[in-house]
Amino acid sequence: MRIIQLLVLILILIMCSFAQELDTTADIEAQKKLTEKWDEFVTNGEFDAMLNLYVDNPIRMHQHEPILIGKDAILKSFQTFREQNDENFVNKVADVIITGEYAVVRGTYTGYFIPKQTGKKVQAEGKWVSLRQRQADGSWKIVYDIWNSDFPETVEE
C-alpha cells in the first residue's frame, strides 16, 4: 500500500510541475503580447489605451526626465513628446522572469523620432526593464518601467 501511495504522490508532483511549466510559458507569452499592445497603442497615439496597461499608480522612468509617478504624469510626458516629434519605435522582449504575482521583463528597442522643429530623423536604440503585476483576473499590468539609450542619439544629415 505504501508503494502505491508513494507512486500517487510522485505522479501528483510530476503533474504539478508540468502544469506550472505550462503556466510559466503562458505568462511569458502574455508579457510579449502586453509589450506588443503597448507598442501598438504608442505608435497610434492611443495613450489612454496605453495607460490601461498600467496599474492605478505606476512609475515610469524616462531618460533625461524626472521620475513620472501616476498615469497623469505619464500621459503628459507622452503627449508632450508626440506634440514635438513624430516617432517609430519597436520593443523586443529579451528575457522574462516570472515569480508568481510579478514578472520582470527585460527588452530592447530600436527606432527613430523626427523633431517637428528640425525635420531631421534621430536614430535611437536602447534597453528597458519593466516590473509587471498579475491582476485578479489573471491579466498583467505594468507597475514600473525604465529605459535608456545604448548610445547618444544620432541625427541623420
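The values are calculated or read from the model by the stated rules, or taken from the named source; none is laboratory data. In this text the structure is predicted, and so the values were computed from the model without any measurement. Backbone-built Cβ (ideal geometry, glycine too); neighbour counts: all protein chains shown.
Take the conditions of a type outside the set (D, E, K, R) and under 16 Å from the mean Cα position of the chain (by Cα) and apply them to N85. Does it pass? Reasoning before the result, please.
On the way: of a type outside the set (D, E, K, R): yes; under 16 Å from the mean Cα position of the chain (by Cα): no.
No; evaluated as a whole, the condition is false for this residue.
The rows are residues; the columns are (1) among the β-branched types (V, I, T); (2) part of a loop (DSSP other than H, G, I, E, B); (3) within 27 Å of Q84 (Cα to Cα); (4) in contact with a strand residue (DSSP E or B) (Cβ under 9 Å, 6 or more places away or on another chain).
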| position | (1), (2), (3), (4) |
| --- | --- |
| K120 | no, yes, yes, yes |
| E125 | no, no, yes, yes |
| D145 | no, no, yes, yes |
| P152 | no, yes, yes, no |
First in segment 75-97 and closer than 15 Å to S149 by Cβ, second anywhere and assigned to a helix (DSSP H, G or I) and not aliphatic (A, V, I, L, M), Cβ under 6 Å, 6 or more apart: N91/T35; N91/D39
Residue check, T154 at pLDDT below 95 and of a type in the set (V, I, T): yes
Subset of segment 60-72 that is touching a residue at least 12 places away in the same chain (Cβ under 8 Å) and among the hydrophobic types (A, V, I, L, M, F, W, C) - its residue that is farthest from E125 (Cα to Cα): I69
Where a residue in segment 38-53 is under 20 Å from V143 (Cβ atoms) and its partner, wherever it lies, is part of a loop (DSSP other than H, G, I, E, B), with Cβ under 9 Å and at least six apart: W38/L53; F41/N52; F41/L53
